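Working notes, beginning with the structure itself.
The values are calculated or read from the model by the stated rules, or taken from the named source; none is laboratory data. If you're wondering where the values come from, they're calculated on a predicted model, not measured in any experiment. Backbone-built Cβ (ideal geometry, glycine too); neighbour counts: all protein chains shown.
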Amino acid sequence: MQSKWNKTCVPNGVALKDTGFGYTLSIIGGKYKMIILYWLSENDVMRFNELKRNIASISYKTLSVMLKEMEADGIVERKEYPQIPPKVEYSLTELGRSLLPILNMMCDWGELNQKVDV
């Protein structure tokens, strides 16, 4: 028996990548994109090094690649200021902010289901 979720989200015979679910995963999937979304949602605007400090486990190269991918996907805006030294700020676009309910639902789910060690 198939669950209702499978019928509506990924119909039989349709590749996952060709569904709305697959598209969403392509935008927010990966080890760091959700974390970047979180920090940008908490701070509105952040500079590259601020993000790097808050995500200590990410390398400079990986952060750069993730931000470029998120910018190309239209969920992060990069604003460059023509000054010396260069100043670049990152923020969520309207499309990026539309993902925040997903973050909130994940937070709620985690709060309800987190196992606490005694």
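Brief remarks on what is shown
- Just one of the listed residues (S64, S26, S57) is assigned by TED's automatic domain parsing to the domain that holds C107, assigned to a helix (DSSP H, G or I) and either among the hydroxyl-bearing types (S, T, Y) or in contact with an Asp or Glu (Cβ under 6 Å, 6 or more places away or on another chain) (or both), and it is S64.
- Checked against the criterion of being touching a strand residue (DSSP E or B) at 6+ places or on another chain (Cβ under 6 Å), surrounded by fewer than 16 Cβ atoms within 10 Å (Cβ to Cβ) and charged (D, E, K, R), segment 22-32 has no qualifying residue.
- Cβ pairs under 6 Å, 6+ apart, first in segment 19-47 and within 15 Å of K68 (Cβ to Cβ), second among the acidic types (D, E): I27/D73
- Being in a helix (DSSP H, G or I), surrounded by 10 or more Cβ atoms within 10 Å (Cβ to Cβ), among the charged types (D, E, K, R) and in contact with a strand residue (DSSP E or B) (Cβ under 8 Å, 6 or more places away or on another chain) is true of E71.
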